[in-house]
Amino acid sequence: MSSSESERPPGAGSPADQAPGTLPAVVAPQLRALRRQASLTLEAAARAAGLSPAHLSRLETGQRQPSLPMLLALARIYGTTVSELLGETVAERDSVIRAAAMEPTAAGGWTYWQAGAPGRGMQALRVHVPFGSQGDIVRVHPGEEWLHVLRGRLRLRLADTLHRLAPGDSAHFDSLTPHRIAAEDHDGVDLLFVHTLLQSPTAALCLGPNPGDMT
């Protein structure tokens, strides 16, 4: 996948004990357990996620760390949420998420915070996208996405149309529209990001042209 994908093995302990950029150790076995729960072979799940079986096997054994887009794709395929992939406990139905309880997680160059309750059909994230990170990844999957720019400027390509969004701007689109996200500024961009998690065997991530094509 993208060159920004981390090669470090996941650490041990709870999320709060992790060094920045390290996913919890529970992620690898959780990926395997949820795939088996969904009655998918390694080959079928890898094909649906746009990965090789060997790559997915390394994710399931902790030899590689998944990027945020990979986690989103696998969550959709397995009919679950990123929170469950991270081994987080399902919250009460009416949840308030306090700022102090939001632990940052880094994946594939992005940093994100769970801004909504786990176990829901809609997931809310606060995301920081660094400059030059994953600008070459095209996402195509069922569902809807809404994003709102908090700080910095965003380049959002929807199909063949490039949009430049400034702080305060929002976008709401069908996720079946091929889309790419990249930071316009060297300081990166901060977003509020909401998406639906629809289970679909066709959910996939595809590698697109180089980031330099988004001009």
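The values are calculated or read from the model by the stated rules, or taken from the named source; none is laboratory data. Only a predicted model underlies this, so the values are computations on that prediction, with no experimental measurement involved. Glycine gets a Cβ as well: all are built from the backbone with ideal geometry, and neighbour counts include every protein chain shown. In case anyone asks, the SASA skips ligands and DNA or RNA and just uses the protein heavy atoms, side chains included. Shrake-Rupley method; radii C 1.70, N 1.55, O 1.52, S 1.80 Å.
What distance in nm separates the simple spin-label points at HIS186 and ARG151, each placed 7 Å from Cα in the Cβ direction?
With each label point 7 Å from Cα toward Cβ, the separation is 1.7 nm.
What full-extension length gain, to one decimal in nm, is calculated for TRP113 and PHE173 as 0.36 nm per residue of separation minus the Cα-Cα distance?
19.4 nm
Where Lys and Arg each count +1 and Asp and Glu each count -1, what net charge lies around ALA45 among other residues with Cβ under 12 Å from its Cβ? Walk me through the numbers before you get to the answer.
On the way: positive: ARG32, ARG35, ARG36, ARG47, ARG76; negative: GLU43, GLU60.
Neighbour charge sum, excluding ALA45 itself: +3.
What distance in nm separates the two pseudo spin-label positions at GLU144 and GLU43, each 7 Å out from Cα along the beta-carbon direction?
Those two pseudo-labels are separated by 3.8 nm.
Enter the accessible area per residue of the range 141-186 (Å², integer; probe 1.4 Å; all protein chains in place).
For the range 141-186, the per-residue accessible area is 48 Å².
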